[in-house]
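Enquirer: Encoded as structure tokens, here's the structure I'll be asking about.
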Amino acid sequence: MPTTTKIRPRALVRASGGPRYAVALAVDALGTGLLRPFLLLYGVTVLKLSAPVTGVAMTVGVVAGLVCMPAVGRWLDRGARSTVVAASMLVRVLGVVLLLATPAGHVWLFGTAALFFGVGNQAWPAAHAAVVATVAHGRDRDAALAAGRALRNAGLGVGALIATVSLAGGPTALRALAAVTGLAYLTAAAVAWSVHLHARPAAALAKDVDGAGTGAKAGAGGDGAVPRMRALLAANVVYVFCLNVPEIALPLILVTQLDASPVWSAAIFVANTVLVVTLQVPVTVLLSRYSRRTVLALAGVLLTVSYLGFLAATSLGRGWGAPAVAAVSVLCTLGEIVYAGSATALVTHLAPAHALGRTLARFELSTGLGLAVSPAVITALAPHGPTALWGGLAAATLVSASAVAAEKDQEPGHSGRGHRAAGAEQAVHGGV
């Protein structure tokens, strides 16, 4: 199996979409970091909404945003690439404009703004993965996806740091941050669109597959079928919980059960960001010697062990409990890094070229569902004690890892050379 053994920055930038595209990602992430972590605070302090009402409006916006994914998948399969990325940024510009125009007390307008944010945030990952999958191939693609995640986390961290310092300005500062976020999204959209990256439409690729050989259509899905990946998609809903552990589960446990200072929560969040930024690419490259499915199953095992570690750490009570939780969070972050470096890479590897967009859309639907339900599940389990929370997460994640390992790959090109040729020779138009 081919592996990526060296990290070459210039080649990595090219495989990620090119310098201009990287700038667009950085600007978009910076703008997102300025507002996204503080959207709840904006609703409460600027719009004078209650915290529960604001939270419900945000959740409804995120869930409603999932509805756009089938359309995004079909758009990508018609050959669009950088245009979809730019659109995901522009729709968030509309959200910012609506947010700034919302008078105090108008929850429906705030909810509509949250819907625009939800659409953009859900559409972006699939569109970005499609861009990378079109530009790069093999293990270079995996490294490029990892680099994109590291860059995005760096931008989010810097943006959140700037916003945190600016919060002393009160509601006026939050409005200013929202305005700057809108400008960042608009700039990023313009830069991303200027890349002009397109691919051959799915219909043309499927036609190539049908004419390449007698076994190609049945084996590679020349009829336009999308890989089912049922176990992978179901497992992904559970895996995604790890992304909300540093932001929701650990602060909740540290403050309500261990009576620890909020400083511990902040330190864990910062450490998580730094580790992702610095280790995402090296760890992904290091594990490229193993199959993507094996690595994804390993991620589930690491997350399971970390959840059991949190269970043991919380049993220490006050005093040693908080430092122990912080130590275990490093293992949890490592599991997150391994998961993020293998999950999307596996999906893009399994996706037929003519159904790349729809396959990624299905995967992002499972991701969005997991992100949407995980806060409710975590906050519902936490009051029943550490065993219910961490034991439940550990059991669910271990079952998910087992399902991922047991599922059989239906990889492109197994039943005929036509599909492999169609995917490898997918035409790309535009400069990067």
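Enquirer: Positive end of the dipole of the chain, charges at C-beta (+1 Lys, Arg; -1 Asp, Glu), about the Cα centre: which of V135, L287, A146 has its Cα farthest in that direction?
Expert: V135
Enquirer: Next question. Would you work out what percent of the accessible area of the chain, with all protein chains in place, is carbon or sulfur (probe 1.4 Å)?
Expert: Details: 12360 of 17880 Å².
The computed percentage sits at 69.
Enquirer: Using a 10 Å Cβ count of at most 16 others and DSSP loop calls, identify the longest part of the chain lacking such chymotrypsin sites (Phe, Trp or Tyr not before Pro).
Expert: Working: sites that count: Y290, W320.
The longest such stretch corresponds to 1-289.
Enquirer: Now, a different point. Report the FRET efficiency, 1/(1 + (r/R0)^6), for R230 and V274, where r is their Cβ-Cβ distance and R0 is 45 Å, rounded to 0.05. Present the calculation step by step, with values, prior to reporting the outcome.
Expert: Values: r = 36 Å, r/R0 = 0.80.
So, using R0 = 45 Å, E works out to roughly 0.80.
Enquirer: Please identify every one of the trypsin sites (Lys or Arg not before Pro) in the stretch 1-86 that sits in a loop by DSSP and has no more than 13 other beta carbons within 10 Å of its own beta carbon. Before the final figure, lay out each step's value.
Expert: On the way: sites: K6, R10, R14, R20, K48, R74, R78, R81; in loops: K6, K48, R78, R81.
Those satisfying the criteria are K6, K48.
Enquirer: Further question on the same structure: With an 8 Å Cα cut-off and a minimum separation of 6 or more residues, compute the relative contact order for the chain in percent.
Expert: 27
Enquirer: I've got another one for you. For every helix of n ≥ 4 consecutive DSSP H residues, a contribution of -39,500 (n - 2.57) applies; sum these over the chain, divide by its total residues, and give [θ] at 222 nm rounded to the nearest 500 deg cm²/dmol.
Expert: Working: 20 runs with 319 residues, N = 432.
Mean residue ellipticity at 222 nm (helix-derived): -24500 deg cm²/dmol.
Enquirer: Then there is this: Which value, in debye to the nearest 20, describes the size of the charge dipole of the chain about its Cα centre when Lys and Arg Cβ atoms bear +1, Asp and Glu Cβ atoms bear -1, and nothing else is charged?
Expert: Details: 30 positive and 15 negative charges, 153 e Å.
Roughly 740 debye for the chain.
Enquirer: Give the shape of the stretch 1-134 as rounded, prolate or oblate, defined through the alpha-carbon gyration tensor: a ≥ b ≥ c are the square roots of its eigenvalues, a/c under 1.5 means rounded, and otherwise the shape is prolate if a/b is larger than b/c and oblate if not. It would help to have the intermediate numbers written out before the result.
Expert: Values: a/c = 2.66, a/b = 2.01, b/c = 1.32.
It is prolate, given that a/c is not under 1.5 and a/b is the larger ratio.
Enquirer: Angle between the Cα long axis of helix 107-135 and the longest principal axis of the chain, 0 to 90 degrees, nearest 10?
Expert: 40
Enquirer: Express in nm, to one decimal, how much length is gained between R289 and V255 on full extension, taking 0.36 nm for each residue of separation and deducting their alpha carbon distance. Before the final figure, lay out each step's value.
Expert: Details: separation 34, 0.36 × 34 = 12.24 nm, distance 4.11 nm.
Separation in residues times 0.36 nm, less the Cα-Cα distance, equals 8.1 nm.
Enquirer: Is the C-alpha gyration tensor of the stretch 71-193 telling us rounded, prolate or oblate? Criteria: a/c under 1.5 is rounded; beyond that, a/b larger than b/c is prolate, otherwise oblate. Before the final figure, lay out the partial values.
Expert: Numbers: a/c = 2.83, a/b = 1.59, b/c = 1.77.
Because a/c hits 1.5 or more and a/b fails to exceed b/c, the stretch 71-193 counts as oblate.
Enquirer: Say each of R78 and A190 gets a label point 7 Å from the Cα, pointing the same way as Cα to Cβ; how far apart are those two points in nm?
Expert: Computed distance between label sites R78 and A190 equals 2.6 nm.
Enquirer: Roughly how many Å² is the accessible area per residue of the chain, as a whole number, for a 1.4 Å probe? Can you show the working numbers first?
Expert: Details: 17880 Å² over 432 residues.
On a per-residue basis, the chain sits at 41 Å².
Enquirer: Whole number please: convex hull volume per residue, Cα atoms of the stretch 44-120, in Å³. Write out the running numbers ahead of the final one.
Expert: Numbers: hull volume 5.2 nm³, N = 77.
Spread over its residues, the Cα hull of the stretch 44-120 gives 67 Å³ apiece.
Enquirer: Ok, one more. Return one number: the angle in degrees, 0 to 90 and rounded to the nearest 10, between the long axis of the Cα atoms of helix 170-193 and the longest principal axis of the Cα atoms of the chain.
Expert: 10
Enquirer: On a 0 to 90 degree scale, rounded to 10, what angle separates helix 356-381 from the longest Cα axis of the chain?
Expert: Approximately 20 degrees, to the nearest 10.
Enquirer: L279: net charge of surrounding residues, Cβ under 15 Å, Lys/Arg +1, Asp/Glu -1, itself excluded?
Expert: Working: positive: R149, R152; negative: D142, E336.
Counting the neighbours of L279, the net charge comes to 0.
Enquirer: I've got another one for you. Rounded, prolate or oblate: which one fits the chain, using the alpha carbon gyration tensor with axes a ≥ b ≥ c (rounded when a/c is under 1.5, else prolate when a/b beats b/c, else oblate)? The partial results should precede the final answer.
Expert: Values: a/c = 1.82, a/b = 1.29, b/c = 1.42.
It is oblate, given that a/c is not under 1.5 and a/b is not larger than b/c.
Enquirer: Sort 348-356, 56-64 for me by packing, meaning the mean count of neighbouring Cβ atoms within 10 Å per residue, highest on top. It would help to have the intermediate numbers written out before the result.
Expert: Working: 348-356: 24.9, 56-64: 18.6.
Descending mean neighbour count gives 348-356, 56-64.
Enquirer: Suppose every K and R has +1 on its Cβ and every D and E has -1 on its Cβ; what is the size of the dipole of the stretch 49-184 about the Cα centre, in Debye to the nearest 20? Let's see the in-between values first.
Expert: Numbers: 9 positive and 3 negative charges, 34 e Å.
With only Lys, Arg, Asp and Glu charged at Cβ, the dipole is about 160 debye.
Enquirer: With a cut-off of at most 15 other beta carbons within 10 Å, and DSSP calling the residue loop, which trypsin sites (Lys or Arg not before Pro) in the stretch 280-349 qualify? Please list them. Before the final figure, lay out the partial values.
Expert: Values: sites: R289, R292, R293, R318; in loops: R318.
The qualifying sites are R318.
Enquirer: Another question about this same structure. Gain in length, A395 to A104, computed as 0.36 nm per residue apart minus the alpha-carbon separation, to one decimal in nm? Please report the intermediate quantities before stating the final value.
Expert: On the way: separation 291, 0.36 × 291 = 104.76 nm, distance 4.43 nm.
Working it through step by step, the gained length comes to 100.3 nm.
The values are calculated or read from the model by the stated rules, or taken from the named source; none is laboratory data. Please read all numbers here as calculations on a predicted model, not as lab measurements. Cβ: placed from backbone, ideal geometry, glycine included. Neighbour counts: every protein chain shown. Note: accessible area is taken over every heavy atom of the protein model, side chains too, but ligands, DNA and RNA are not part of it. Shrake-Rupley method; radii C 1.70, N 1.55, O 1.52, S 1.80 Å.
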